[in-house]
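Student: Input: one structure, supplied below.
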Amino acid sequence: MYEAKDEEATKQFAFLLGQAAKAGDVVVLTGDLGAGKTTFSKGIAEGLGITQMIKSPTYTIIREYTQGRLPFYHMDVYRITTGYDDLGLDDYFEGDGLTVVEWGNQLGKWLPEDYLEVIIKKDPNDVAKRIIALAPHGEKGSALSVKLMKAWSEN
């Protein structure tokens, strides 16, 4: 578990995740509205070397950024209740980039077996603070979690 004192600390932790990620990794961001999922995604993009502005894909569902060291596939499935099979998710999950899915816990059976879930919670006593927990699923999710925590301990 990691405690981020503010938005910048949240982005710094996410930056390390972006640096640790490799092609084919999948990250699922879980948290209430306003918890900081898009902020976390921005930090990941910076860690991948992406300098263009990262926008929430709430209405577009999927945004692709190819400028960094890996393609960054940023998804937000909050507004989707059916039709996941029409999105071609496997093409992203098994692709050559890093896939980050906000509200990915809603995907249910459409989630890959291998991913790292990042759970972001607001601290009830401090509006700026976030509590971040990692829940790896499968070998790749576990490997990414270990790599991230090693980078964090060295930071």
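The values are calculated or read from the model by the stated rules, or taken from the named source; none is laboratory data. Owing to the predicted nature of the structure, the values given are computational and were not obtained by experimental measurement. Counting neighbours? That spans all protein chains shown, and the Cβs are built from the backbone with ideal geometry, glycine included.
Student: Got a number for residues in region 1-22 being buried (at least 20 other Cβ atoms within 10 Å of the Cβ) and more than 13 Å from the chain's Cα centre (by Cα)?
Tutor: Narrowing region 1-22 to residues buried (at least 20 other Cβ atoms within 10 Å of the Cβ): 4, 10-11, 13-18, 20-21.
In the following step, the residues that additionally are more than 13 Å from the chain's Cα centre (by Cα) were identified as 4.
So the count comes out to 1.
Student: If you take the residues of region 69-94 that are part of a loop (DSSP other than H, G, I, E, B) and buried (at least 20 other Cβ atoms within 10 Å of the Cβ), which of them is modelled with the lowest pLDDT?
Tutor: Initially, region 69-94 is screened for residues part of a loop (DSSP other than H, G, I, E, B), giving 69-71, 77-83, 88, 94.
Now narrow it down to the ones that are buried (at least 20 other Cβ atoms within 10 Å of the Cβ): 70, 77.
Working: Leu70: 95, Val77: 75.
Among those residues, the one meeting the criterion is Val77.
Student: Does region 23-33 hold any residues that are surrounded by fewer than 24 Cβ atoms within 10 Å (Cβ to Cβ), closer than 12 Å to Glu102 by Cα and of a type outside the set (Ser, Thr, Tyr), and which are they? If you could, list the steps in order and put the result at the bottom.
Tutor: Applying the first criterion (surrounded by fewer than 24 Cβ atoms within 10 Å (Cβ to Cβ)) to region 23-33 yields 23-25, 30-33.
When the remaining residues are screened for being closer than 12 Å to Glu102 by Cα, the result is 30-33.
The answer is Gly31, Asp32, Leu33.
Student: Can you name the residue in region 129-152 that is among the basic types (Lys, Arg) and closer than 17 Å to Thr39 by Cβ and is also surrounded by the most Cβ atoms within 10 Å (Cβ to Cβ) among such residues?
Tutor: Filtering region 129-152 down to residues among the basic types (Lys, Arg) leaves 129-130, 140, 147, 150.
From what is left, the residues that are closer than 17 Å to Thr39 by Cβ are 129-130.
Numbers: Lys129: 17, Arg130: 23.
The residue in question is Arg130.
Student: Could you give every pair whose Cβ atoms fall below 6 Å, whose first residue belongs to region 29-54 and is closer than 19 Å to Lys147 by Cα, and whose second residue is among the basic types (Lys, Arg), counting only separations of at least 6 or pairs across chains?
Tutor: That search, which allows pairs on different chains as well, returns Leu29/Lys37; Gly43/Lys11; Leu48/Arg69; Gly49/Arg69.
Student: Return the residues of region 95-120 that are in contact with a Gly (Cβ under 6 Å, 6 or more places away or on another chain) and in a strand (DSSP E or B); say none if nothing qualifies. Step through it out loud before you land on a result.
Tutor: Taking region 95-120 as the starting set, the residues that turn out to be in contact with a Gly (Cβ under 6 Å, 6 or more places away or on another chain) are 113-116, 120.
Within region 95-120, Tyr115, Leu116, Ile120 meet the criteria.
Student: Moving on. Please identify the pairs in which a residue from region 109-130 that is farther than 30 Å from Asp90 by Cα has its Cβ atom under 6 Å from the Cβ atom of a residue that is part of a strand (DSSP E or B) and among the acidic types (Asp, Glu), counting only partners at least 6 apart or on another chain.
Tutor: Lys129/Asp123
Student: Given the criterion closer than 23 Å to Ala143 by Cβ, of a type in the set (Phe, Trp, Tyr) and in contact with an Asp or Glu (Cβ under 7 Å, 6 or more places away or on another chain), identify the matching residue among Phe40, Phe15. Spell out how you get there, then give the answer.
Tutor: Details: Phe40 fails: in contact with an Asp or Glu (Cβ under 7 Å, 6 or more places away or on another chain).
When all the criteria are applied, what remains is Phe15.
Student: Evaluate the following for Ile54: is it assigned to a loop (DSSP other than H, G, I, E, B) and β-branched (Val, Ile, Thr)?
Tutor: Working: assigned to a loop (DSSP other than H, G, I, E, B): yes; β-branched (Val, Ile, Thr): yes.
Judged against the criteria, Ile54 is a match.
Student: Look at Thr51 and say whether it is polar (S, T, N, Q), at pLDDT 80 or above and under 16 Å from the mean Cα position of the chain (by Cα).
Tutor: Numbers: polar (S, T, N, Q): yes; at pLDDT 80 or above: yes; under 16 Å from the mean Cα position of the chain (by Cα): no.
No: the conditions fail for Thr51.
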